[in-house]
Amino acid sequence: LVLYWLDLFGVAVFAVTGSLAARRKQLDLFGVLVIALVTALGGGTLRDMLLGRSPVFWVQDSSVIVIASVAALLTVVAARWNLLPARPLLLADALGLAVFSVLGTQTALESDVNALAAIIMGVMTGVAGGIIRDLLTGEIPLILQREIYATAALCGSVALIVAIELQLPAGFAELLGVTVTLVLRLAAIWRGWRLPQFT
Amino acid sequence: LVLYWLDLFGVAVFAVTGSLAARRKQLDLFGVLVIALVTALGGGTLRDMLLGRSPVFWVQDSSVIVIASVAALLTVVAARWNLLPARPLLLADALGLAVFSVLGTQTALESDVNALAAIIMGVMTGVAGGIIRDLLTGEIPLILQREIYATAALCGSVALIVAIELQLPAGFAELLGVTVTLVLRLAAIWRGWRLPQFT
Amino acid sequence: LVLYWLDLFGVAVFAVTGSLAARRKQLDLFGVLVIALVTALGGGTLRDMLLGRSPVFWVQDSSVIVIASVAALLTVVAARWNLLPARPLLLADALGLAVFSVLGTQTALESDVNALAAIIMGVMTGVAGGIIRDLLTGEIPLILQREIYATAALCGSVALIVAIELQLPAGFAELLGVTVTLVLRLAAIWRGWRLPQFT
């Protein structure tokens, strides 16, 4: 249940990061809204399509559309007055990533997929929205570059599945998955941890 | 029924704009065909996948594939002889956008989705083909930039849904939706109307 | 049955080409893995989603995920020691393209789609992975440019369908489809065959 609220929080945060990316590209109001929605809902949408869960989640429950749209509009106002400090936003984004990955993995497991595919679905739920955002704004997807971002989601998803396999309580497994992703991502932000490049 | 013919008209027009974009990028004949098909069928395809309507529409009825291909090939010939004036093409494109948006919204409503999702599906049917075209040809999607394009589709889709909610006759509701989009788009072209940018 | 092994071979080869593309863009290890998986599995994934075959193939059988991942990691090692000569890789890629296109067409036919859509599905299975790879690494999709690549897949797919319509034995039809694509692609590589550009 806590996860449900955290999920809506993640939707709002991702919509904010999407709006800011659209801002940097000088898109108009509608473009901002589109990028915000795509960033916030893209990962879960791709997951649902791959799993054959149709219609996708935001068609069944429109509240996430409303939340993402409101977050985008508030961002437009807040950004004009410089009310969006970068640091807290990075932390909120890390939490959104952690929650999305755990929920994505769980959703996949509910559809009876193999563990490997469930991990991919989890990571995808966390990062695909940002990838589509980067494509639409003409950037090479940042998360594929050097920072530990998707890797953090991967570790959290693996931790969740291991905990479930060990038959730990569901609530504990979720908490573990979220924590692993969050800690790794924060370490990457504060300590500058990086994966080796392929040279 | 008129809408059915207008739909095929829209497919042909979008195939033409796709071919011209491919031409500017100096793609070969096959590339032109791919971009034309993607532009003409991409929006409806994405809508069908999101709604879980499978297989997608052009798998069930191949006539749209034929129409888009023929339109692409004719464009190759016509463009070489400068037979494609830009102005009428813009008008035809506006009509295609209007028809696609109304049909997309209707298709979504038939699948019993909420009104908000139906509007998104309508806009997506109208504009996603063009967005994929821009991605494949290495452009930042134009419609997310300054002109009123997707916004016109949005207003037409909203008008359609309001008219249906008010229980107006279906034919009138469709006509209203198409007209709203068309008028807004033409105003944007002729009057240079724009949405405020996010600065 | 031979086709099944060739399919796994194709997955590995496409993963290698994906890894090399990621290397050129200096992505980190995780980015390499993502691009490799997308290149190897993207075409079949898109086909399955369009056909409404859900969940998609790699969710049902995770062996392709393992093969693509291992191929990507081996590529990282081999590329550092310059163990990947370009020529043999081009040939292997041509074989992968041929096999994917034939299998994609067959999969579509099993789902009772019309011949035109089956051809599109076949070509898409062969080339969509490479297109997504190019999008994610910030390139204009190469296959839409001048070389005969997708066109070879198209001809192989058409040959397969004609052979099936003529009620030739299934094994012969498959062999024909693979051969047509392979020969055309190799001719393009060695002879420099090209399609006319659209000027």
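The values are calculated or read from the model by the stated rules, or taken from the named source; none is laboratory data. The structure presented is a predicted model; accordingly, all values stated were derived computationally and were not measured. Heads up, the Cβs are rebuilt from the backbone with ideal geometry, glycines too, and the neighbour counts pull from every protein chain shown. Ligands, DNA and RNA are excluded from the accessible area calculation, which covers all protein heavy atoms including side chains. Shrake-Rupley method; radii C 1.70, N 1.55, O 1.52, S 1.80 Å.
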Pairs returned, first residue in segment C:107-135 that is within 17 Å of B:Ser62 (Cβ to Cβ) and without any contact (Cβ under 8 Å) to a residue 60 or more places away in the chain, second residue that is in a helix (DSSP H, G or I) and open to solvent by 20 Å² or more (accessible area, probe 1.4 Å), beta-carbon separation under 7 angstrom, 6 or more apart or interchain, are C:Ala118/C:Leu109; C:Ile119/C:Leu154; C:Ile119/C:Val158; C:Val123/C:Leu154
Requested in this report: Can you confirm whether segment B:88-97 contains a residue that is in contact with a Gly (Cβ under 8 Å, 6 or more places away or on another chain), open to solvent by less than 20 Å² (accessible area, probe 1.4 Å), more than 10 Å from chain C (Cβ to nearest Cβ) and in a helix (DSSP H, G or I)?
Outcome: yes
Counting only residues that are closer than 22 Å to A:Ala36 by Cα and in contact with a Phe, Trp or Tyr (Cβ under 7 Å, 6 or more places away or on another chain), segment B:81-120 contains a total of 1
How many residues of segment C:152-199 are within 13 Å of chain B (Cβ to nearest Cβ) and modelled with pLDDT under 85? The answer is 8
By residue number, the members of segment A:15-48 that are open to solvent by less than 30 Å² (accessible area, probe 1.4 Å) and either within 15 Å of A:Gly104 (Cα to Cα) or hydroxyl-bearing (Ser, Thr, Tyr) (or both) are A:Thr17, A:Ser19, A:Thr39, A:Ala40, A:Leu41, A:Gly42, A:Gly43, A:Gly44, A:Thr45, A:Arg47, A:Asp48
Subset of segment A:76-87, residues of a type in the set (A, V, I, L, M) and either open to solvent by 60 Å² or more (accessible area, probe 1.4 Å) or touching a residue at least 60 places away in the same chain (Cβ under 8 Å) (or both), comes to A:Val77, A:Ala79, A:Leu83, A:Leu84, A:Ala86
A:Ala72 fails exactly one of (1) open to solvent by less than 10 Å² (accessible area, probe 1.4 Å); (2) closer than 29 Å to C:Pro55 by Cα; (3) small (Gly, Ala, Ser), namely (2)
Of the residues in segment C:102-112, those that are in a helix (DSSP H, G or I) and open to solvent by 10 Å² or more (accessible area, probe 1.4 Å) come to C:Leu103, C:Gln106, C:Thr107, C:Leu109, C:Glu110
In segment C:113-124, residues that are open to solvent by 10 Å² or more (accessible area, probe 1.4 Å) and either more than 9 Å from chain B (Cβ to nearest Cβ) or aliphatic (A, V, I, L, M) (or both) total 7
By residue number, the members of segment B:108-135 that are at pLDDT below 90 and of a type in the set (S, T, N, Q) are B:Ser111, B:Asn114
For segment B:1-20, pairs from a residue that is assigned to a helix (DSSP H, G or I) to a residue that is of a type in the set (Ser, Thr, Tyr) and crowded, with 24+ Cβ neighbours inside 10 Å, with Cβ under 7 Å and 6 or more apart or across chains, are B:Phe14/B:Thr39; B:Ala15/B:Thr39; B:Val16/B:Thr75; B:Thr17/B:Thr39; B:Gly18/B:Thr39; B:Ser19/B:Thr75; B:Leu20/B:Thr75
Condition set open to solvent by less than 30 Å² (accessible area, probe 1.4 Å) and over 18 Å from A:Asp112 (Cβ atoms), scope segment A:49-59, selection farthest from the chain's Cα centre (by Cα): answer is A:Val59
*Looking only at segment B:134-142, decide whether some residue is open to solvent by 10 Å² or more (accessible area, probe 1.4 Å), of a type in the set (Val, Ile, Thr) and in a helix (DSSP H, G or I).*
no
